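Trainee: One structure, as C-alpha cells, below. Some questions next.
Where a number appears in this text, it was derived from the coordinates with a stated rule and is not lab data. Bear in mind that the values here come from a model prediction, so they are computed numbers and not experimental data. Every residue, glycine as well, gets a Cβ built from its backbone with ideal geometry; the counts of neighbours run over all protein chains shown.
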Amino acid sequence: MSISKTEREWRRRQTRAMVVLGRLHRVIERRAGELLVAQGLHGITPAQANVMMLLFQATGPMRARSVARTMGVSEVTVGRFVQALVREGWIDRRVDPGDRRAKLLEPTAKAYGALPRFIQVSNTVLDAAFEGIEPGAGAILSEAVSRINQNLEGDVMEGDGS
C-alpha cells in the first residue's frame, strides 16, 4: 500500500507528538517532585500532589472513585495514594453517609496550611511549561490535547466493556 508524501509527513508528526507527550509527562513529574521537596513537602509524590489539588478545588468532600476517574487511574492506585496521604495527615477519609461502602476524602487543616506551597509548585511548573506560548496558541494546544485524550479514552472504554 502506497501513501502520499503528505500522509507520510502527517504520520511522522503524529508519532513525534505522541513521543513528546509521553516524555513531557515524565519531565513534569520529575520537575514537580523537585519543587515539592524545595517547598518542604517531603514525602509527597507528584501524583499525590495531584490528588491534593483535586481535593482543594472540589466544592466538598470527594469520593475516591471520582478522584480515580478524574485522574484517569484505577481506584486501587488512588487507594494507595489515599493511604499514604491519610497516614501523613494530609487528608481525612470517612464513610459516605449516602453509601456506606464509599469513602469521602477531604484535605485536613494541615493540608490547607500548606496550600500556598502546593499552589507555588503548580504555578512554577505551569509558568515554566508555557513560557513563550501566547494565550491563543495555548488554547489551541489545550483543545488538541483534550481531543487526543477523548479519542483515546473512548477507545479504552469501548475495549474494556464499560
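Trainee: What is the sum of charges, Lys and Arg at +1 and Asp and Glu at -1, for the other residues whose Cβ falls under 15 Å from the Cβ of Gln120? Before the final figure, lay out each step's value.
Mentor: Numbers: positive: Arg31, Arg117; negative: Glu34, Asp127.
It works out to a net charge of 0.
Trainee: When only C-alpha pairs under 8 Å and at least 6 residues apart count, what is the relative contact order of the range 14-131, in percent?
Mentor: Details: 100 pairs, mean separation 30.1, N = 118.
Computed value for the range 14-131: 26 percent relative contact order.
Trainee: Which cross-chain or sequence-distant (5 or more) residues have an amide H under 5 Å from the amide H of Asp96, H modelled 1.01 Å from N in plane?
Mentor: Ala102, Lys103, Leu104
Trainee: Please state, rounded to one decimal and in Å, the Kirkwood hydrodynamic radius that the chain gives when every pair of distinct Cα atoms enters the mean of 1/r.
Mentor: Values: mean 1/r = 0.0549 Å⁻¹.
Mean inverse Cα-Cα distance, inverted, gives 18.2 Å.
Trainee: Pick out, in residue order, every one of the GluC sites (Glu not before Pro) in the range 65-162 that is DSSP loop and has at most 12 other C-beta atoms within 10 Å; say none if there are none. Working shown, then result.
Mentor: On the way: sites: Glu75, Glu88, Glu131, Glu143, Glu153, Glu158; in loops: Glu88, Glu131.
In loop regions of the range 65-162 (DSSP not H, G, I, E or B), the sparsely surrounded GluC sites (Glu not before Pro) are Glu131.
Trainee: Can you give me the long-range amide H partners of Ile91? Hydrogens built in the peptide plane at 1.01 Å from N, cutoff under 5 Å, separation of 5 or more residues or another chain.
Mentor: Distant-sequence amide H within range of Ile91: Val86, Thr108.
Trainee: Can I ask one more? Take Ser146 and Thr77, extend 7 Å from each Cα along the Cα→Cβ direction, and tell me the distance between the two endpoints in nm.
Mentor: 2.2
Trainee: Calculate, in nm to one decimal, what Val20 and Ala38 gain on full extension: separation in residues at 0.36 nm each, minus their alpha carbon distance. Let's see the in-between values first.
Mentor: Numbers: separation 18, 0.36 × 18 = 6.48 nm, distance 2.64 nm.
Result: 3.8 nm gained on full extension.
Trainee: Separate question: In the Gaussian network model of the chain, springs joining C-alpha atoms below 10 Å, which of Ser122, Ser146, Ser66 carries the largest mean-square fluctuation?
Mentor: In this elastic network of the chain, the residue with the biggest mean-square fluctuation among Ser122, Ser146, Ser66 is Ser146.
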